[in-house]
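Peer 1: Just passing along the structure, written as structure tokens.
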Amino acid sequence: MGKIVIIDENLCIGCGNCVAICPKKILYLDVESKKCLCRDESSCDRRRGCEKVCPAGAIKIS
């Protein structure tokens, strides 16, 4: 089984838009790296809200 939530940490600017919109609260900003990470991608609703609000295009949902 492949990844569901794909986050390109090189593109992530740490704005937090994805974290704010995630209805399942599975996205968070890592304290040290200031980058978005996913704690439980199996809970993703796959509605792609995070993709739509990411200004850097760092998140893709498969």
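Peer 1: Starting from region 29-51, keep only residues that are in contact (Cβ under 8 Å) with a residue 40 or more places away in the chain and over 13 Å from Gly16 (Cα atoms), then list their pairs with residues that are among the hydrophobic types (A, V, I, L, M, F, W, C) and in a loop (DSSP other than H, G, I, E, B) whose Cβ atoms are within a distance under 6 Å, requiring at least 6 positions of separation or different chains.
Peer 2: Cys44/Ile4
Peer 1: Given the structure, is Cys18 under 11 Å from the mean Cα position of the chain (by Cα), modelled with pLDDT of 95 or more, assigned to a loop (DSSP other than H, G, I, E, B) and surrounded by 11 or more Cβ atoms within 10 Å (Cβ to Cβ)?
Peer 2: In short, no.
Peer 1: Which residue is nearest to Gly49 (Cα to Cα), if the candidates are limited to region 4-15 and must be exposed (fewer than 14 other Cβ atoms within 10 Å of the Cβ) and not aliphatic (A, V, I, L, M)?
Peer 2: In this case the residue turns out to be Glu9.
The values are calculated or read from the model by the stated rules, or taken from the named source; none is laboratory data. Just so we're clear, the structure is a prediction, and the values are computed from it rather than from any experiment. Using ideal geometry, Cβ is built from the backbone for each residue, glycine included, and neighbour counts are taken over all protein chains shown.
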